[in-house]
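Remarks on the structure that follows.
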2 protein chains.
Amino acid sequence: MTIRDVAKHAGVSVATVSRTLAGDYPVQPSTRHKVLRAVRELDYVPNAQARALSVASPGAVAIVVGSVDMPYYAYIAQGVEEQAAAERRLCLICTTGGDKERELTIVQMMREQRAEAVILVGSVVVDDDYRERMTRYAHGLDSSGSRLVLCGRPPLGEGVPALTVGFDNTGGAHAVTAHLLSAGHRRILYLGLRPGHSTSDSRVAGYRSALDDHGIPRDPALEVPCGFDRSSGYAAMKQRLAAGHDDFTAVFAATDVIAAGAVQAIHEHGLSVPDDVSVVGYDDVPPAEDIGLTTVHLPHAELGRAAVRLALSGKDPLVEPPLTLGTHIVVRQSVRRLRSAP
Amino acid sequence: MTIRDVAKHAGVSVATVSRTLAGDYPVQPSTRHKVLRAVRELDYVPNAQARALSVASPGAVAIVVGSVDMPYYAYIAQGVEEQAAAERRLCLICTTGGDKERELTIVQMMREQRAEAVILVGSVVVDDDYRERMTRYAHGLDSSGSRLVLCGRPPLGEGVPALTVGFDNTGGAHAVTAHLLSAGHRRILYLGLRPGHSTSDSRVAGYRSALDDHGIPRDPALEVPCGFDRSSGYAAMKQRLAAGHDDFTAVFAATDVIAAGAVQAIHEHGLSVPDDVSVVGYDDVPPAEDIGLTTVHLPHAELGRAAVRLALSGKDPLVEPPLTLGTHIVVRQSVRRLRSAP
DNA sequence: GGCGGGATGGTAACCGGTTACCCGACAGGT
DNA sequence: ACCTGTCGGGTAACCGGTTACCATCCCGCC
């Protein structure tokens, strides 16, 4: 079923059918009706891929995330979707499951599909091969016309430019740590150490700098290694509590999800939040509100929108500085003010 | 930058370039290297849209949801994504924001893109225009080759066939209501009445039939109208409690999200869950685990996978019966066994 | 030496749209 | 009656790939 079939069926030429459907060319009403009737009778659906071949049509916006069922990604994806719709672009979402190779494959596929924007979200540990290939993509040296945006992820390398948007992780971690300090807490557990993991690294940096600013000596024993999921937070907290809980009064979990696991462990240990232990998280994703967690709110959707705008802006990836979005603390009920506080 | 440029640059013909890249045709190693070098030097990225025109390539799988940041949709989308990847299809996710017109537009766009499968997820209130247009799509009368699957949503009309997968909402609601009844509860609030809303309707039907089965008379005053979001659940519960809470001992919220709001209202009223009021939800989405909610677990991801399999199966939409996935109760800590229970 | 045949690679048609260019018909002006 | 301008619509080239078909070339064999 092609435009030629429709033309034959309507007794007109292909040009007339095309013009009738495009609607931007004067066509005799009687002719128009013949065409439209043929379209209806044959149930003709034009082929967008063929059209894209001859006329420059707006490309799609692709977003590549680890998985769509993690709220952090879902919120960003929602922002991307909104902005893509506002700019009249189709939105494709792909997931990698955290696999680097799969991510590279997907980016290549998107370029072959002539996606206009490819937005890469989330942390990843980069190796040399990955860096080299992704850098080519990011610099837009090829002819695919796809523009790559790194969204909430580390740079490709020391001084390697690329279109980048991200949250101020260090600033947020600094602020929430300062919040605990000003409530009188001095021994604060950092739950979520993962050296080499960019998100963890930047958050722990904020934690440390806040301690430094307040003249509190750092204690490596308070920086607890922990995966970025609920059960890791639960297990790490459980283990720490088994060793006695008198060496800290507050916990800064690297994410709300970790915090949720930690809170559960604290409760199972017979302790109360915030009476016995204060807890703060990061991200402001669903568990936070439900468990009354004080946390750092991230403008997820705005990040997604900013990524799309940046991708479609035509800015030069080689000179455009990274865009950093601010965060703010959301105070709920998980932090207790110590009597000894100033 | 086209295949002809590459051919010229490499000093070979377009056929040789195409064959070299396809890799399924014998090419002299020296020729192959010339081609690959040209590809690298020119940063050539083949155009998938052009290729799709001449060779029948697998289409994409499109999923259309209300919004991607609601866990219910996100989990289903994740299943769709997985199965699409397993079947080597690209996955496109689009959101409608619940707008019927936008949904129809998106479906039309997907057909023009020659998406192989279009999966429509979530509740919607159908009117005649919608029904008529969507029915044409669902029956696959056109030449786009797209196959439509309705996923967790009502049929298009009385006896209108279509490829359909869904959860057993009535069965799950029956089971969880029976769970409350066997714990000794007799006056159970149903929170989430929305006549005409298919999900609500089927869940309330299960609630009622469980009461009937146990010989408990229904009380319309116990069926509380309520929107399907957290704040509606909070508000409805708040209002109900203000009128006194002695006319019920348990609450069946139509969704976990409603339940989360209700639990908050209960707490703010100075009551405890489950000591004063038992609460159950539906869906088993994030708030449930965090607040220890007994609920009905839905195999979301499996539904998504089943939808993709059904779409790609080649089954006839006109005769294939709807596929219904079973559910099961997840018991947590939000239900109290009454002393008067058998 | 002539010839059959496998291995390579080139030419051109085709996929399904769009549109530049051209042609015929008809109206109005002289 | 003839010229010109406008309008409507047809023909064919083109977008960027793939591939059927054909032309070489070189080998071994009679």
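The values are calculated or read from the model by the stated rules, or taken from the named source; none is laboratory data. Note that the structure is a prediction, hence the values are computed from the model and not measured. Neighbour counts are summed over all protein chains in view; Cβ atoms, including those assigned to glycine, are modelled from backbone coordinates with ideal geometry.
Data overview
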read-out	value
Filtered residue count, the stretch B:295-334, keeping only those that are hydrophobic (A, V, I, L, M, F, W, C), modelled with pLDDT under 95 and not assigned by TED's automatic domain parsing to the domain that holds B:V80	0
Test for B:V6: is it more than 7 Å from DNA strand D (Cβ to nearest atom), away from chain A (no Cβ under 14 Å) and more than 29 Å from the chain's Cα centre (by Cα)	no
Residue match in the stretch A:119-130 (condition: within 14 Å of chain B (Cβ to nearest Cβ), farther than 20 Å from A:L325 by Cβ and not in a helix (DSSP H, G or I))	no
Filter result for B:A254 (away from chain A (no Cβ under 14 Å), more than 28 Å from B:E81 (Cα to Cα) and either among the aliphatic types (A, V, I, L, M) or touching a helix residue (DSSP H, G or I) at 6+ places or on another chain (Cβ under 6 Å) (or both))	no
Residue match in the stretch B:258-280 (condition: in contact with a Cys (Cβ under 9 Å, 6 or more places away or on another chain), surrounded by 23 or more Cβ atoms within 10 Å (Cβ to Cβ) and within 20 Å of B:G171 (Cβ to Cβ))	yes
Number of the exception - B:C94 against (1) in contact with a Ser or Thr (Cβ under 6 Å, 6 or more places away or on another chain); (2) surrounded by 23 or more Cβ atoms within 10 Å (Cβ to Cβ); (3) not acidic (D, E)	(1)
Filtered residues of the stretch B:156-170 (kept if surrounded by fewer than 19 Cβ atoms within 10 Å (Cβ to Cβ) and touching a helix residue (DSSP H, G or I) at 6+ places or on another chain (Cβ under 9 Å))	B:G157, B:V160, B:P161, B:D168
Qualifying positions in the stretch A:108-149 - among the hydrophobic types (A, V, I, L, M, F, W, C) and more than 22 Å from A:L303 (Cβ to Cβ)	A:M109, A:L141
Selection count, the stretch A:1-37, where residues are among the β-branched types (V, I, T) and either farther than 20 Å from B:R111 by Cβ or out of contact with any helix residue (DSSP H, G or I) (no Cβ under 6 Å at 6 or more places or on another chain) (or both)	6
Enumeration of residues in the stretch A:35-58 that are within 10 Å of DNA strand D (Cβ to nearest atom) and away from chain B (no Cβ under 11 Å)	A:V35, A:V55, A:A56
Hits in the stretch A:4-17 (condition: under 22 Å from A:S54 (Cβ atoms) and either more than 13 Å from DNA strand C (Cβ to nearest atom) or surrounded by 17 or more Cβ atoms within 10 Å (Cβ to Cβ) (or both))	A:V6, A:A7, A:A10, A:V12, A:T16, A:V17
Selected residue (only one of B:H179, B:H174 is within 22 Å of the chain's Cα centre (by Cα) and in a helix (DSSP H, G or I))	B:H174
Single residue of the stretch A:233-257 satisfying the filter (surrounded by fewer than 21 Cβ atoms within 10 Å (Cβ to Cβ) and small (G, A, S)) that is nearest to B:P286 (Cα to Cα)	A:A235
Qualifying residues in the stretch A:141-152 (those that are of a type outside the set (A, V, I, L, M, F, W, C) and surrounded by 19 or more Cβ atoms within 10 Å (Cβ to Cβ)) - the one nearest to A:T327 (Cα to Cα)	A:G152
The listed residue being farther than 17 Å from B:Y190 by Cα, in a helix (DSSP H, G or I) and among the basic types (K, R), out of B:R332, B:R337, B:R309, B:R240	B:R309
Identity of the residue in the stretch B:132-159, modelled with pLDDT under 90 and among the aliphatic types (A, V, I, L, M), that ends up nearest to A:N47 (Cα to Cα)	B:L141
Residues that are more than 20 Å from B:I106 (Cβ to Cβ) and either within 13 Å of DNA strand D (Cβ to nearest atom) or not in a loop (DSSP other than H, G, I, E, B) (or both), drawn from the stretch A:59-87	A:V64, A:V65, A:P71, A:Y72, A:Y73, A:Y75, A:I76
For A:T105: the one exception among (1) within 9 Å of DNA strand C (Cβ to nearest atom); (2) without any contact (Cβ under 8 Å) to a residue 24 or more places away in the chain; (3) of a type in the set (V, I, T); (4) within 30 Å of B:I76 (Cα to Cα)	(1)
Residue, farthest from the other protein chains (Cβ to nearest Cβ), within the stretch B:18-34, restricted to residues that are more than 9 Å from DNA strand C (Cβ to nearest atom) and within 24 Å of B:V55 (Cα to Cα)	B:D24
Failed condition for B:A22, given (1) loosely packed, with under 13 Cβ neighbours inside 10 Å; (2) of a type in the set (G, A, S); (3) more than 8 Å from DNA strand D (Cβ to nearest atom)	(3)
Residue that is farthest from DNA strand C (Cβ to nearest atom), among those in the stretch A:47-58 that are surrounded by fewer than 21 Cβ atoms within 10 Å (Cβ to Cβ) and not in a helix (DSSP H, G or I)	A:P58
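Per-residue answers, yes or no, for (1) within 8 Å of chain B (Cβ to nearest Cβ); (2) touching a Ser or Thr at 6+ places or on another chain (Cβ under 6 Å); (3) of a type in the set (A, V, I, L, M, F, W, C); (4) over 30 Å from A:A50 (Cβ atoms):
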residue	(1), (2), (3), (4)
A:D69	yes, no, no, yes
A:Q83	no, no, no, no
A:R89	no, no, no, no
A:K100	no, no, no, yes
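Results for (1) surrounded by 15 or more Cβ atoms within 10 Å (Cβ to Cβ); (2) under 15 Å from A:T164 (Cβ atoms), shown as yes or no for each residue.
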residue: A:G292; (1), (2): yes, no
residue: A:V296; (1), (2): yes, no
residue: A:G304; (1), (2): yes, yes
residue: A:V308; (1), (2): yes, yes
residue: A:L318; (1), (2): no, yes
residue: A:L323; (1), (2): yes, yes
residue: A:V331; (1), (2): no, no
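Residue by residue, here is whether (1) without any contact (Cβ under 8 Å) to a residue 60 or more places away in the chain; (2) farther than 28 Å from A:P154 by Cβ holds:
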position	(1), (2)
A:S198	no, no
A:L211	yes, no
A:P217	yes, yes
A:H269	yes, yes
